[in-house]
Amino acid sequence: MNLGVNIDHIGVLREARKINDPDPLMALAICAQSGADQITIHLREDRRHIHDDDAYRIITTSPIPVNLECAIEPSIIEIVCALRPHRATLVPEKRQEVTTEGGLDVIGHHNFILDAIKQLKQHEIEISLFIDPTREAIEASERLGAEWVELHTGTYANLYAMRYSALPHSHHSIEALNLSRNELDNLLENAYGTIVDAANYARSLGLKVAAGHGLNYQNVTPIVSIDTIEELNIGQSIVARSVFTGLATAVSDMKALCQR
């Protein structure tokens with residue numbers, strides 16, 4: 001299982017004080033030496049963490065491939081074309097969201113996505129679409145000409161946190177939703193089964209399959225066992241652990257969990 005390490009949250013920490021430290025660029029060699037197969041960054045329209053200069057410096061100096069997440073907004077696509085990362089992952093964006101809340105609407109925004117894909121392919125950039133794990137989204141992605149789909153694992157991750165949370169009455173607890181343990185077990189099993197089915201179906205259509213969102217050291221092992229998924233993109237949990245262990249250990253610990 002390949003591991004893409006998302007370093008956006010290093011930029012989040014920097015933006016807390018609006019200074020130049022810590023520099024996301026400094027993570028590249030550490031991640032590569034610690035087992036990361038890819039660096040993932042998200043150049044958002046609001047530039048809340050990664051800036052244009054960060055993206056340029058990371059893409060031009062990274063010793064491993066860079067996956068640049070971006071919206072389909074035309075001015076962003078132009079920047080991505082100029083930067084020419086190894087891969088562009090098209091994602092939905094809303095200014096008010098804390099993090100990406102769901103998959104790209106590959107059916108409703110078909111024409112806009114198709115225009116973006118055509119432009120990116122002219123610059124020899126590999127295309128991935130960040131989608132909800134549904135057959136309809138997978139079929140639409142295949143028609144659009146994407147090489148990859150990245151399955152949104154947020155529902156699974158949230159249910160896992162609710163099922164195994166040690167914090168009673170938190171927003172990630174069974175008590176908060178007034179669910180029985182059996183009911184939550186069924187919901188979690190169904191969410192996991194949806195990811196398995198989506199990964200298998202995408203592979204059957206010739207798409208490469210990645211997954212990400214909300215994955216951490218506790219919930220990642222069942223996802224690793226899905227052999228039709230070949231890559232995970234994980235960020236917040238790795239950067240959070242690095243505060244206590246250092247980035248090299250945080251990355252190598254996650255990479256160890258990615259061994260099948």
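The values are calculated or read from the model by the stated rules, or taken from the named source; none is laboratory data. Quick caveat, the model's predicted, so the values are computed rather than measured. As a convention, Cβ positions derive from the backbone with ideal geometry for all residues, glycine included, and neighbour counts pool all protein chains shown.
Observations on the model:
- In segment 66-83, the count of residues that are in a loop (DSSP other than H, G, I, E, B) and touching a strand residue (DSSP E or B) at 6+ places or on another chain (Cβ under 8 Å) is one or more.
- Neighbours by Cβ (under 6 Å, 6+ apart or cross-chain): first from segment 208-222, within 17 Å of V251 (Cβ to Cβ); second hydroxyl-bearing (S, T, Y) and modelled with pLDDT under 95: none
- Counting the residues of segment 222-260 that are in a helix (DSSP H, G or I) and at pLDDT below 95 gives 0.
- Unique match (being at pLDDT 95 or above, closer than 23 Å to R44 by Cα and surrounded by 13 or more Cβ atoms within 10 Å (Cβ to Cβ)) among L205, L120: L120
- Tally of residues being buried (at least 16 other Cβ atoms within 10 Å of the Cβ) and more than 13 Å from V239 (Cβ to Cβ) across segment 3-20: 2
- From the list A198, A210, the one residue that fits, being part of a helix (DSSP H, G or I) and touching a strand residue (DSSP E or B) at 6+ places or on another chain (Cβ under 6 Å), is A198.
- The lone exception for E175 - which of (1) modelled with pLDDT of 95 or more; (2) assigned to a helix (DSSP H, G or I); (3) more than 30 Å from P22 (Cβ to Cβ) it fails: (1)
- Residues in segment 21-31 that are hydrophobic (A, V, I, L, M, F, W, C) and more than 18 Å from the chain's Cα centre (by Cα) were compared, and the one that is surrounded by the most Cβ atoms within 10 Å (Cβ to Cβ) is I30.
- Criterion applied to E45, E73 was being acidic (D, E), in contact with a helix residue (DSSP H, G or I) (Cβ under 8 Å, 6 or more places away or on another chain) and surrounded by fewer than 21 Cβ atoms within 10 Å (Cβ to Cβ), and the one residue passing it is E45.
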